[in-house]
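Below: the structure, in structure tokens.
The values are calculated or read from the model by the stated rules, or taken from the named source; none is laboratory data. Being a predicted model, the structure only gives us computed values, none of them experimental. Here the Cβ is made from the backbone with ideal geometry for all residues, glycine too, and neighbour counts use every protein chain on show.
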Amino acid sequence: MNRRPWSPSLPSLLLTLSLLPAACRTAPPAPHRAPLTNLDLPLQALAATFHGDVGIFVQDLSTGEQLGLAADEPLPTASLIKLPILAALLAKVERGELDYHQQLTYTTAREYAGEDLLGAFADGRQVALAKVAMLMITTSDNTAALWCQELAGTGTAINDWLGANGFVHTRVNSRTPGREAARARFGWGQTTPREIATLLRRAHDGALVSPAADEELQRCLARIYWDAEALAMIPPDVHTLSKQGAVDRSRSEVVLVDAPHGAYVFAVITNQQRDTSWGRDNEGFVLLREVSALLWRHFEPTRPYVPPAGMQRYW
């Protein structure tokens with residue numbers, strides 16, 4: 001009986017390839033990376049010319065190497081606080097205390113003045129908790145964030161969760177009894193560059209709430225509308241997780257970059273900055289772009305990136 005020549009199926013072929021010795025599965029060599037300490041002077045130079053306080057933290061996730069500038073100084077979070085709010089909210093979902101797809105009823109009494117999408121909803125409109133959480137992160141919707149803070153168990157419950165998970169300085173101040181003095185100093189929330197970057201890194205590693213909750217958190221942080229600062233200095237095909245914050249005298253951003261030759265995470269927070277304008281040339285916004293560009297050049301020296309001409313009209 002004639003038999004057809006054997007041909008491996010795609011799954012078996014992939015399995016065979018995966019079992020080959022590493023020497024037979026060569027990949028492009030990683031570019032040489034200078035020590036992270038080489039960034040110390042350039043970062044100090046950026047901070048020295050800034051009219052205000054600056055805190056910076058950077059970590060190479062491939063080596064664990066870290067670098068900081070006032071990295072453990074408590075600073076205002078502005079909307080960065082929405083990241084721990086989401087984490088505490090998902091922790092309640094994991095405990096079965098909330099259904100992520102439960103229907104909530106929006107009322108106009110919840111509207112927080114501003115440009116929020118949720119605040120434009122009609123009174124009595126039904127909306128899923130998952131959509132409220134998405135709006136809090138993706139468009140940094142304040143109306144949604146205050147609702148999520150309430151659903152997470154108020155600021156006190158969120159702070160208890162933060163403390164139980166090793167975060168010493170990161171706290172919710174707004175609408176939280178006993179935090180009035182901290183709110184007067186820091187606003188809605190407070191953190192340090194190191195802690196907010198660590199929180200994001202742990203979520204990326206599946207070690208913050210649970211592997212499933214952390215994956216949902218990552219999916220929210222991967223679809224950010226506010227992409228004109230740190231994200232604008234990273235090629236658009238590179239996967240990033242991020243959250244931004246901005247009030248008159250503080251601009252901030254925390255970003256985890258899944259760079260081709262190894263991931264890195266960084267946080268930049270300003271405080272008491274002189275420039276309180278809201279254009280894209282605000283000194284704080286410019287600093288976020290400068291730090292991000294500097295880090296991309298360091299971590300991916302063989303892949304230079306500059307936003308194309310005319311990109312500024314989209315910022």
message: For region 167-178: of the residues being buried (at least 19 other Cβ atoms within 10 Å of the Cβ), in contact with a strand residue (DSSP E or B) (Cβ under 7 Å, 6 or more places away or on another chain) and not hydrophobic (A, V, I, L, M, F, W, C), which is farthest from LEU67 (Cα to Cα)?
response: ASN173
query: When residues of region 224-264 are filtered for being in contact (Cβ under 8 Å) with a residue 60 or more places away in the chain, farther than 15 Å from LEU80 by Cα and part of a loop (DSSP other than H, G, I, E, B), how many remain?
result: 6
- prompt: Which residues, taken from region 31-50, are closer than 12 Å to LEU287 by Cα and part of a loop (DSSP other than H, G, I, E, B)?
  reply: THR49, PHE50
Filtered residues of region 160-177 (kept if in a loop (DSSP other than H, G, I, E, B) and free of Cβ contacts under 8 Å to residues at least 12 places away in the same chain): GLY166
query: Going by the structure shown, is GLY155 touching a strand residue (DSSP E or B) at 6+ places or on another chain (Cβ under 9 Å) and over 24 Å from GLU94 (Cβ atoms)?
result: no
- prompt: Considering only residues of region 102-133 that are small (Gly, Ala, Ser) and more than 22 Å from ALA246 (Cα to Cα), which is nearest to the chain's Cα centre (by Cα)?
  reply: ALA130
message: For the structure I just gave you, tell me whether THR154 is more than 21 Å from the chain's Cα centre (by Cα), more than 21 Å from GLN218 (Cα to Cα) and at pLDDT below 95.
response: yes
query: For region 190-205, which residues satisfy the criterion of being of a type outside the set (Asp, Glu) and either more than 13 Å from LEU256 (Cβ to Cβ) or more than 17 Å from the chain's Cα centre (by Cα) (or both)?
result: GLN190, THR191, THR192, PRO193, ARG194
message: Out of the strands (runs of 3 or more DSSP E) lying entirely within region 51-133, which hold 3 or more residues that are modelled with pLDDT under 95 and of a type in the set (A, V, I, L, M)?
response: none
- prompt: Considering region 199-247 alone, what residues qualify as being touching a Ser or Thr at 6+ places or on another chain (Cβ under 9 Å) and β-branched (Val, Ile, Thr)?
  reply: ILE224, ILE234, VAL247
- prompt: Counting only residues that are touching a residue at least 60 places away in the same chain (Cβ under 8 Å) and under 19 Å from TRP147 (Cα atoms), which one in region 178-189 is nearest to the chain's Cα centre (by Cα)?
  reply: GLY189
message: Please count how many residues of region 149-164 are crowded, with 21+ Cβ neighbours inside 10 Å and closer than 12 Å to ARG175 by Cβ.
response: 5
field: Among (1) part of a helix (DSSP H, G or I); (2) more than 16 Å from LEU75 (Cβ to Cβ); (3) in contact (Cβ under 8 Å) with a residue 24 or more places away in the chain - the single one GLU195 does not satisfy
entry: (2)
- request: Take the residues in region 263-273 that are buried (at least 18 other Cβ atoms within 10 Å of the Cβ) and farther than 14 Å from ALA230 by Cβ, then tell me which one is farthest from the chain's Cα centre (by Cα).
  value: GLN273
- prompt: Do you know which residues across region 51-73 are over 24 Å from LEU217 (Cα atoms), buried (at least 18 other Cβ atoms within 10 Å of the Cβ) and not small (Gly, Ala, Ser)?
  reply: VAL54, LEU67, LEU69
task: Take the residues in region 274-297 that are surrounded by 20 or more Cβ atoms within 10 Å (Cβ to Cβ), touching a Lys or Arg at 6+ places or on another chain (Cβ under 8 Å) and not aliphatic (A, V, I, L, M), then tell me which one is nearest to VAL238 (Cα to Cα).
output: PHE285
Subset of region 172-225 (residues that are touching a Lys or Arg at 6+ places or on another chain (Cβ under 8 Å) and over 20 Å from GLN59 (Cα atoms)): VAL172, ASN173, SER174, THR176, ARG179, ALA182, GLY189, GLN190, ILE224
